[in-house]
Protein chains: 2
Amino acid sequence: MTTQTPPDVNLQRAASDNARALQRPLHKGQQTRAAILDAALGLASHMGLEGLSIGALAELMQMSKSGVFAHFGSREELQISVIREYHARFEEEVFFPAIAEPRGLPRLQALFERWVRRVSVELDSGCIYISGAVEFDDRPGPVRDALAEMVRAWHAALERAIRMAIAAGQLKPDTDPAQLLFEVHGLILALHHDARFLRNPGVLDRARAGFARLLASHLAHQLPDPRFPVPHRLPE
Amino acid sequence: MTTQTPPDVNLQRAASDNARALQRPLHKGQQTRAAILDAALGLASHMGLEGLSIGALAELMQMSKSGVFAHFGSREELQISVIREYHARFEEEVFFPAIAEPRGLPRLQALFERWVRRVSVELDSGCIYISGAVEFDDRPGPVRDALAEMVRAWHAALERAIRMAIAAGQLKPDTDPAQLLFEVHGLILALHHDARFLRNPGVLDRARAGFARLLASHLAHQLPDPRFPVPHRLPE
């Protein structure tokens with residue numbers, strides 16, 4: 001993984017890697033690896049990345065430990081593979097459909113709405129980005145680096161959508177993209193916390209209302225353009 | 001722990017308990033317990049509440065395991081005691097000094113500013129409320145209940161400060177206190193995430209700028225009252 005490459009390039013490259021991967025049938029070994037990875041992702045969502053072990057996974061897959069080891073040479077490599085798999089799925093569900101929307105507010109709103117939905121379907125398991133950040137904030141090493149790189153790539157994609165909305169004249173020219181990103185991310189973190197930990201009702205609407213207020217206070221024209229209603233809802 | 005008691009009453013009661021505790025000298029046994037608790041709090045801040053074990057603590061304290069067991073009958077009891085100790089310190093540093101400020105905006109601003117500072121001094125260790133929420137969101141039981149009770153008590157205190165600022169006519173009468181609390185909490189979570197995990201610079205100012213913007217958009221009078229400058233900074 002080249003840390004010099006700008007994050008958005010990684011997202012684009014991952015897209016073409018995925019597209020290529022979909023074109024060819026998986027070998028038997030690749031199928032087994034994909035099945036192990038799928039089980040590992042489920043385990044990590046519930047137990048955390050640190051809860052992953054080759055032993056637990058072998059038991060879950062009814063394989064020998066050495067069978068799992070043949071695909072993932074170490075626990076660390078397994079954790080990093082799980083992070084990459086999570087990232088690929090996050091892109092499929094959130095990033096790629098949203099960048100199909102027109103640049104500017106529609107794309108930014110689609111990114112947020114799909115992110116909210118992703119967190120809401122994960123309420124029974126938990127977001128690996130959010131729980132991983134807490135698990136690994138004190139643990140330097142390649143797992144933490146892989147996780148931080150994925151989170152930064154996602155943040156960079158959001159910040160780019162904000163910059164495009166400014167360039168399109170939809171958001172005020174003095175909007176600070178990094179500040180707006182910080183506040184939008186805060187809404188998602190509060191949603192995850194209040195829904196997962198406090199089990200508060202109605203938090204999806206709190207996150208959406210916060211985003212609508214945030215956008216409204218940065219709109220270049222105080223009366224929202226009717227072409228871009230706030231809040232934006234995707235078709236159910 | 002009585003879950004029926006309103007959270008604010010718990011904070012008040014804890015205050016008088018603390019005051020009483022300070023008035024009498026600690027017995028030898030109480031001193032040992034306090035020293036173990038102090039070490040346990042340090043351990044939990046770095047390793048998480050799930051990283052706490054009687055064995056690790058005994059080693060750290062150069063005591064026997066049974067010596068630690070004599071003070072905390074189980075790992076669970078130890079975890080709950082650590083949560084209560086953390087809460088007591090949080091109150092000492094954040095809650096009690098802030099409620100000495102006049103009701104309304106000054107108190108709300110002091111609560112936020114002291115919270116931000118608390119998170120900023122914890123950047124090397126981590127906030128037990130925030131990391132504990134992720135550790136225990138999937139683990140029902142008395143530890144999770146104790147943690148959630150403390151977090152709810154703190155949130156209730158903040159919401160009360162918001163209600164007072166509305167009642168005082170400083171915030172708009174249609175301000176939704178729970179929504180404002182949700183968004184303020186999001187700023188703190190984003191601060192913790194970006195500073196601890198991403199190690200981004202300048203995040204304290206991002207949190208403060210977000211709070212200032214949030215308050216400004218809810219002020220009853222669009223020009224801020226000069227008696228209540230936004231953002232509010234405590235004397236260094």
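The values are calculated or read from the model by the stated rules, or taken from the named source; none is laboratory data. The model shown is predicted, which means the values in this text are computed figures rather than measured ones. Here Cβ is always computed from backbone atoms with ideal geometry, including for glycine, and neighbour counts include all displayed protein chains. Protein only, heavy atoms only, side chains kept; ligands, DNA and RNA dropped before computing areas. Shrake-Rupley method; radii C 1.70, N 1.55, O 1.52, S 1.80 Å.
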- Task: For B:PRO177, indicate whether it is away from chain A (no Cβ under 11 Å), modelled with pLDDT of 95 or more and surrounded by fewer than 22 Cβ atoms within 10 Å (Cβ to Cβ).
- Result: yes
Counting only residues in the range B:25-72 that are within 26 Å of the chain's Cα centre (by Cα) and not in a helix (DSSP H, G or I), the one nearest to B:GLY126 (Cα to Cα) is identified as B:GLY48
Does at least one position in the range B:111-128 carry a residue that is farther than 27 Å from B:GLY42 by Cβ and open to solvent by less than 10 Å² (accessible area, probe 1.4 Å)? no
Reported set for the range A:47-90 where residues are at positive phi and open to solvent by 20 Å² or more (accessible area, probe 1.4 Å) is A:GLN62
Checked A:ALA110, A:ALA133, A:ALA148, A:ALA153 against criteria (in contact with a His (Cβ under 8 Å, 6 or more places away or on another chain), free of Cβ contacts under 8 Å to residues at least 60 places away in the same chain and of a type outside the set (D, E, K, R)); the one match is A:ALA133
Original post:
Among the residues of the range B:132-148, is there at least one that is closer than 26 Å to A:GLN179 by Cβ, assigned to a helix (DSSP H, G or I), at pLDDT below 95 and within 11 Å of chain A (Cβ to nearest Cβ)?
Top reply: yes
Within the range B:181-211, restricting to residues that are closer than 19 Å to B:TRP154 by Cα and among the aromatic types (Phe, Trp, Tyr), the one that is nearest to the other protein chains (Cβ to nearest Cβ) is B:PHE182
Here the residues within the range A:189-208 that are touching a helix residue (DSSP H, G or I) at 6+ places or on another chain (Cβ under 6 Å) and either part of a helix (DSSP H, G or I) or in contact (Cβ under 8 Å) with a residue 60 or more places away in the chain (or both) are A:LEU189, A:ALA190, A:LEU191, A:HIS192, A:HIS193, A:ASP194, A:ALA195, A:PHE197, A:VAL203, A:LEU204, A:ARG206, A:ALA207
Counting only residues that are touching a Pro at 6+ places or on another chain (Cβ under 7 Å) and within 14 Å of another protein chain (Cβ to nearest Cβ), the range A:101-131 contains a total of 0
(1) touching a residue at least 60 places away in the same chain (Cβ under 8 Å); (2) open to solvent by 20 Å² or more (accessible area, probe 1.4 Å) all hold for A:LEU171 apart from (2)
